[in-house]
Structure formats: C-alpha cells, structure tokens
Amino acid sequence: MSNYQDFEDRHIGPSASDESEMLGVLGYSDIKKFIADVVPENIHIEKQLKDVLDGAKSEVEVIAELREIASQNEVFTSLIGGGYYGTITPPVIKRNVLENPAWYTAYTPYQPEISQGRLEALFAFQTVICDMTALALSNASMLDEGTAAAEAMTLARRSSRASDDAVFLIEEHVHPQTKAVVATRAKPLGITVVEVDSGHVARDGYDGEFFGLLLQYPDTTGEVCDYAKVTEFAHSKGALVIAATDLLALTLLKAPGEWGADIAVGSAQRFGIPMGFGGPHAGFMAVRTGLERSLPGRLVGQSVDAHGNPAFRLALQTREQHIRRDKATSNICTAQVLLANMSAFYAMWHGPKGLQQIATRIHGFASRLQKASSSRNGIVFDTVTVDVKNADVIHAAAKAKRINFGRVSDTEVRISFDETTTEKTFADVLEILGLSDAAATPIAVSVLRSSKYLQHPVFNTYFSETSMLRYLRTLADRDLALDRTMIPLGSCTMKLNATTEMEAVTWPEFASLHPFAPVEQTRGSRLLIDQLSKWLVEITGYDAVSLQPNAGSQGEFAGLLAIRNYHDSRGDQARNICLIPSSAHGTNAASAVMAGMKVVVIECDEAGNVSVDDLKAKIAEHGSALAALMVTYPSTHGVFESAISEICGLVHDAGGQVYVDGANLNALVGTAQPGKFGADVSHLNLHKTFCIPHGGGGPGVGPVISKAHLAPFLPNHPMDALAGPATGPGPISAAPFGSASILPISWAYIRLMGGEGLTHATEVAILNANYMAHRLKDAYPILYTGNKGLVAHECILDVREITKVSGVTVDDIAKRLMDFGFHAPTMSFPVAGTLMIEPTESEDVLEMNRFIDAMIAIRGEIQEIIDGKIAVEESALRHAPHTIGAIAGTNWERSYPRERGAFPATLTGLIPGELIGAKGKYWPTTGRIDGAYGDRNLVCSCPPIEAFA
Ligand SMILES: *Cc1c(COP(=O)(O)O)cnc(C)c1O
C-alpha cells in the first residue's frame, strides 16, 4: 500500500503486485499501455481526470467535509404534507436493514434460490399493499407516487376499450407534483389530461369520452371524500378509476377497493422511511382482479421448489422489458426494493393494532385543529387546510418556532400531522394560529373502515425487539449479497459500497428534510447536489445534468424526451424514429416508446458490433423521420467499438441525435468521455458506477446528462425553480431532486478517489475483466472481443455449444455456482445461452480465482456428461442447488455421492480448501424453483387468515 490512509487502495481489490501479475498474464508490463490497447485511440480522453477533479481525500477528511455540508441544512419540524410526512424508522430496522450490507448490497432477486430472504420481505410488502388498499394484486414497488400514478394512467389506457380520442381525467386536488409527473408522461403519448372537480362530475357527469380518472384519497387539501358516486359514474362510462392514496390513512378509512377503485397507487414513505429531501421511498401500485397481466414492474409470486416446498420467485413478467422490449408494460427495471422491505418490516413491527394507534393519534391532532380553526375541510385524516388573514405572517411565526407549514395561497396554510407530532408541537401550532384547542370528533361512518387488515401471522409475531432482530437475521442469512461473495453480474457493476460512503445517508440533516422545505433550510443538500453535478459533467465531458431521475430507466426517458423536445423546438416534429441495436438493454426500447418514438432495430455483425451497413441502410430508409440512435457504450457485448465516432457522425449528418446508454460508464471514467466522442445525451447509473448499493433491486439514481444544446430540455419541477430549466418538460420524478438522500454516497466516492483514483479504478475494472476472460477462455469460449482480442470491463462466456453437446444449460451452471457459494453472472443477456461476467475493480485476485476455479470445476463436471460418465438429468448440475435437507435426507438415490452435491470442488480435486473451506459453506435454502408452476398458479400475497384455519 502506498499510504495507510489511501481509500483508493481499500476500494480497488488487487494490490499493485497483483496488478503487475495480471498484466503479466496478459502479456503487458504497463497498465497505461494495456488500456491504450483496449480503448480505441480516436476516443481517448483529452484532459486527464486528475487535472480536472480534486485529489483524493481520506475517509476522515471526507466525513468531516460532509459534516460541514450537512450543518448547512436546517431540520425544522415539517408539517408540510403533500405526500411526504415525518415518520420514525424503528431503530431495529434502521440498523439491521438500512445500515446492514446483507440487505443493501444484494442484487435484484433474479436467482430466487439465493434470494428467499428479500423475496419473503417483498411478498410481505405486496401483502401490506393488497390488504390496505383492498385490491387483489400489488407489485413489489414503484419508483414514487408520481410515477406510479403515471404508470396507472398508461395501464388504464391499455386496458380500456375507449377510442384513441378519450382523455384522462385528473381530480383537481391531486398532489401538484403527481399532476405534473402525469402531464410529463401524457404529452409524448398524445394523451390529453383534463382537470376536473370530482364533486361536479359526481353530480353532473362528464361530457366526452375518458378512459381513466385519477383521484387523491385523502386529497391534497386534507379532505376525505366519498368517491363512491363518481366511481360509479366512471365505470358506467367504461373508464378505470385510480386512487392515489395513503397507507396510514387506510388503517382508518374505507379502502379504495371497497369503494370501487380499480387501481391504487401511492408512496409507502410514512411506513418508516425518512423523507430524505424527497427520496428514495417505495411507491406502490395495486390492481383489481383482471388487470394482473398488465401490472408494470416486478411481482413476487409463490411457487414450489424441486422438493415440493413452497418458495418465492419473481413471477410473470420477471424481465419483461428484456423479453417484450417495445411491447413492455413499462420501462421499470431498478425499483425501490430496500425501501419496500423496510416498509414491510415497519408494518410487522407495529402490526395492525399499532398502525391503527399511530393513525388514530394523528387523526386526533387533525380533528382537533379542524374544529379549533373551523376549517372548511369536511372529513379529515391527518391534514387540515386553515384559512388565515395573511399566510406570510403565519409562515414567519411558524419559522420562529422551527416549524414548516404547507404553502397553499396568500390566505391559506396546510398543516399535516404525522407519527412524530407531539402535544408540544400541536400546542405550538395552535399558538402560531392564535387558536384554542377543541375536542376531536370521530371519523364519519360513511368513510370509516370496518374491514380487517394485516391478519396474517407475519404481521402479528415480531413485536419484541429480540424476535424482530432474529427474524431480520434469518431472512438476511438466506440471501447471497456482496458482503459474502462477489456478484459478477455483467452490466450491473456490483462494486464496493464503502462504509464511509454510506455513513451520511442516515444523518438527520440529510434524512429528515421535506422535499418542499424552504430553500434556506436545504442549502447543504443543494450544495452537495451542485458539486456532484459539476463532477459528473467533468467526468463525462458533457455540459449539463439533472439528478432527478430515480433509476436508469427514468434517465433514459428523460434523455429521449430532451431529444424529442429539441427536435420539436426546431420545427422537426416528424422525427420519431429511434434506432436501437438488437443487443440493447430492454429498458431502451421501452423508454423510447414512452417518449413517443417508434423503435427500429439495428443488427449487430458477427463481431458483436453495431452493423454500420445496417445503420446506413436504416438511416437512408427513415431519413427525415430519424430522431435518435440509442446505443450502449462500451457495448452490452463488452467491447469498445472503434466505429463509435463514425456512427455518431452518420446519425448527426442525417439530423438525428445520439443517446449513449451510460450504464457501462465503469469502463469510461477517466479513459473516454461520451460528451466528447460524439454523443448528445446519456443517463448514468449512480447505483452502478458511483457506488450506490443495489439494495436488492433499488434504490437507484439515474442522472440524465447532456450537451449544451439539450440542456434547456432537461427535467424541471413545478415546485422548485432551482431544480431545472424553466424550458424543461416538467418533472420525471415526484421529488425535485429525486432520490436526494442517497446522493452523498456518490459524492463521497468521487471525493475519496479523486481524479487519479477514479481513473485507476476503471483501469483495474478492465484489467480484472480481461484477466477473468483470459483464465476462462479455454473452458468457455469468449463470445466477443475487441481490439487485440481484449474485452472492456465485462466479458461474455458462450455456453451454447456446451449446451448442444452436453444438455447443460446456463441455468444449470448458475444453480451449480450456488453450491460453491457464488452468485451467477448475468444470464442470457444480451445473447441467449451465454453468461456475462463483470468483476469490477473491487474484486481481488483471490476472489476472482475462487470464482474461476469454480467455473473450471463446473466445466469438469460438464465434461463427465459429454464423456458419457453420467447423464445430464442425473448430474449434480441438474440437481443444483443442493439444500442441506436434500444432502442429509435418509435416502440418497442420486448417481453421484452426497459430498459431491454439497462440496463440489473437494471431489474434483481442484484446490479443495480454498473454494469453500476457508469461507465456510453457504447452504441455499431451497432447491431449484419451478418457474412455470408459479406462473400458472399465481399467488402474490399472503393468503387470508381463513386459509390457515
Ligand atoms: C442497468 C441498466 C439499465 C437500466 O437501469 P435501471 O437503473 O435498472 O433502470 C439500462 N441500460 C443498461 C445497459 C443497464 O445495464
């Protein structure tokens, strides 16, 4: 090590001598020469990052600097409401989930046998949503309430038989940020949104065709309306009714499913997730029976494993964008799994009775204020709109007591109570308003909930901290996350999420800010956002960035929208064709459709590169209709295509714009800059390249970043003038700065590494990938290589020939890796029948060798099948993974010894101790899961209590 305080050496796995050794294996003596051979010369970075970014800081220095920034935020008691509320994260959940790498470093549960813990938690989340909304089916989280409402609109559009001219109705008292997100989504799809007063519609109907109606329940002013009549009217017109709702309110109020709503959406934020200046939180969506096949996002279902035991897995449209692409129901990939899990645990921690107590207490405050202020609100839950003489005077008086009220107009303020509200706060509120206390009134019977919820034992068992602690530990133990093993998922960049980077996330100065708090209280967060934005611009060679999109998919949509609006602004409205290579990530095509574009696929040649001939042909064919080319760079095939500049030039010459999917930026930081080699706009994945942990499938941050000419078209926000250009398309996410509370992670990473360290990380990421490709290529052919036979930061192992001669599939290999305690590489993306490996710079040589040895041992087992020593159906590969139950069972009727099932390497004679011994054996908790069974017998929430009787 160069210096014991250098973070760079902690982040990068291989030591300097490991690096030389790996270079030696590849026939190089110098890493710069090696990189020069990988990255095409015509795109080499001009200005080294070490000359544009500050030098590395130590972990102690970075924490001190973050403390200083945090101190520029002022945490008031925010009674602003509007979709964001104070909540108490139970400490047992905060420390053992939010701050626990076993939970936050896991990946999306595509490999269910090693993901049963978080799948069980997500199943519980779905059950919470179904129970509270009284609807049949919920998914395992949306990105936020605004986008959930927008997705509900498109679901209603797809499901309705109304004509293309039918409009979408939105109640005027829906939260303003939700209205704005819906408007942003509706425009490129050609959907007209009409604002209505639901009371009028209930009385007088609505002249004209509409396919959906969005209501807020309780509404943004605090009013709890009885929507039964307007719902009946909407149904009589063939329209779907969407309720944007509040889980805590539903503990007391009649559920949307009970008054006829077809879809419910909302945010689970107040179930234990800090406001975090806007996010991340789990959005949700539930639908009635009949709409399940149209539900966007991920759905956890119950199935059975090879031993007939129940087991969880992702159901139906698991990787729907990958399979359905431009026919997908939405572009959501990364969702909000970590937060969804936390909200489910919050529901378990309090149980139905505890939740009802919390809600009742909140309602008590609201009801007392309503009476005391003679508010015009009829029925309230937690929020009261109060008429005042001069709102500014009231806000100033509130400020003096370090309290924020919601801003409504010059003569009204909005006050929302929450779990954290105390009698002292309530007394302050009365004093500020010059009111005296009044008695609470119970909720009117017309909207009162009488049905039960959360009756399942999982919500009625873990009330002591001991039992909750053990439950959380039990679940975590079932999962393989980065804290146990490398997760070599290509395209996912599962690198270190350093502890120092994570520290600030739970500091109250960042965690407890309301997204609509006055600017002067949020200076620290805004400074951090400005600095991070500036650094990302320097790193990528672009000019402007928005951190608002809260996943890569949302950044894609924002970027394509910028292209579309740019064309429109120049009178080029006819440009609507988006060219996308066949190898693209499925979200690309889905995002293009959302932006109102038509997808045309470009073929790849046999070397895996975009076919320049096909590109030329398609450009010629579509001519003046060409809007954009959307490519990933380096390509999803794991190679740097040297033709990229030429490709960008061809598109520009034809009047199109170039979108570079920046998910693979881990190969570019410090080596090349999309903003300089010809691209116009990209999204980045801060949850890949910039160390935000994957959280088991979210949260994420997907900034959209562009050249100056597209900057006027980047996202903005109606409630925060500083969140984007006035000329922007409106918000992409509900909160002005998206998932703001996790931005300190990426900020800290860049600060800790400095320009030189970031560049070195990229070099080692590429070196590691090439080392693995080199060591594995004799066992498994490498599908694509670039210049000089080298790959970028990931490589694809071609298993198709092996499958042909042995019958062993990529699935078999993935499941067998579990017996070794490894997570599988990315399967069958971007090419069916292949495995894509991305080690990242954080994996050291020992761990990579362990994985390589496991893969070689598996190849040995495959050879036995090829040689006719054992049939594939009889093999350990096909029976993998092996549970302890299977191995310890009385009967063993397999064609291979028990030991070999559980301890594969010991019997293949390959470095026995190293592979498993030193780390201890990981036991998958379920045998191989039957996916088809689960899709045929869809079970996506805990059965009602009667099922146990
Ligand atoms: C991960 C990824 C995306 C999508 O990002 P999300 O944050 O999951 O929405 C898009 N393109 C590529 C190439 C990716 O690897």
Over all directions, the stretch 446-596 yields a Cα convex hull whose mean projected area in nm² is 17.7
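With 18 Å as the cut-off, how large is the P(r) tail for the stretch 57-167, expressed as percent of Cα-Cα pairs?
75
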Quick calc, Ser20 & Glu46: beta-carbon distance into FRET formula, R0 30 Å, rounding 0.05, result 0.60
Sorted largest first, the C-alpha extents of the stretch 567-633 along its principal axes in whole angstrom are 39, 26, 17
In cubic angstrom per residue, the convex hull of the stretch 445-488 built on its Cα atoms measures 143
Averaged over all viewing directions, the convex hull of the alpha carbons in the stretch 200-249 casts a projected area in nm² of 3.6
So, with points 7 Å from each Cα along the Cβ direction, the Asp164-Thr411 label distance in nm works out to 4.7
Taking the convex hull of the alpha-carbon atoms of the stretch 489-565 and averaging its shadow over every direction gives an area in square nanometres of 7.4
Taking Cα pairs closer than 8 Å and at least 6 residues apart, the relative contact order of the stretch 376-434 in percent is 36
Of 10-16, 696-702, 88-94, ordering from highest average Cβ density within 10 Å down gives 696-702, 10-16, 88-94
Normalised Cα Rg of the stretch 736-776, dividing by 2.2 N^0.38 Å with N its residue count, works out at 1.66
Counted neighbours (other Cβ, 10 Å), sorted fewest up, put Phe345, Phe405 in the order Phe405, Phe345
One finds, for Leu722 and Ser71 with R0 = 25 angstrom and r their Cβ-Cβ distance, a FRET efficiency to the nearest 0.05 of 0.80
Charge tally for neighbours of Pro101 with beta carbon under 10 Å away, counting Lys, Arg as +1 and Asp, Glu as -1, is -1
Taking max minus min of the Cα coordinates of the stretch 102-185 on each principal axis, largest first, gives extents in Å of 48, 27, 24
The pairs in Lys254/Lys401; Lys804/Lys869; Lys94/Lys179; Lys94/Lys534; Lys94/Lys399 lying past 24 Å Cα-Cα in this model are Lys254/Lys401; Lys94/Lys179; Lys94/Lys534; Lys94/Lys399
Kirkwood Rh for the chain from C-alpha pairs, in Å, is 28.6
Total charge of the residues flanking Pro515 in space, meaning their Cβ is under 11 Å from its Cβ, with Lys and Arg +1 and Asp and Glu -1, is -2
With N residues in the stretch 222-342, Rg(alpha-carbon) / (2.2 N^0.38 Å) equals 1.25
Once amide hydrogens are built 1.01 Å from N within the peptide plane, the residues lying 5 or more places from Glu195 or on another chain with amide H under 5 Å from its amide H are Ile170
Filtering trypsin sites (Lys or Arg not before Pro) in the stretch 517-586 by DSSP loop and by at most 16 other Cβ atoms within 10 Å leaves Arg570
Kirkwood Rh for the stretch 523-619 from C-alpha pairs, in Å, is 15.6
The answer for Val167, listing residues at least 5 apart or on another chain whose modeled amide H is closer than 5 Å to its amide H, is Glu209, Phe210, Phe211
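Full extension from Ala439 to Ala574: what is 0.36 nm times the residue separation minus their Cα-Cα distance, to one decimal in nm? Write down the numbers at each step before the final one.
Numbers: separation 135, 0.36 × 135 = 48.60 nm, distance 6.23 nm.
Gain on stretching Ala439 to Ala574: 42.4 nm.
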By the mean-Cβ-within-10 Å protection proxy, highest first, 137-147, 288-298 rank as 137-147, 288-298
Residue-ordered couplings for the stretch 703-710, obtained by feeding phi - 60° into the Karplus form 6.51 cos²θ - 1.76 cosθ + 1.60 and rounding to whole Hz (Gly and Pro as x), are x, 9, 9, 8, 6, 4, 5, 9
Computed ³J(HN,Hα) along the stretch 429-442: with the Karplus parameters 6.51/-1.76/1.60, θ = phi - 60°, integer Hz and x for glycine or proline, the list is 4, 4, 5, 4, 8, x, 10, 10, 4, 9, 7, 6, 10, x
About its Cα centre, the stretch 420-507 carries a charge dipole, from +1 on Lys and Arg Cβ atoms and -1 on Asp and Glu Cβ atoms, whose size in debye to the nearest 20 is 560
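Read-outs throughout are calculated quantities, based only on the coordinates presented, and are distinct from any laboratory measurement. What you see is a predicted model, and the numbers here were worked out from it, not measured in a lab. Positions of Cβ are backbone-derived with ideal geometry, glycine not excepted, and every protein chain shown enters the neighbour counts.
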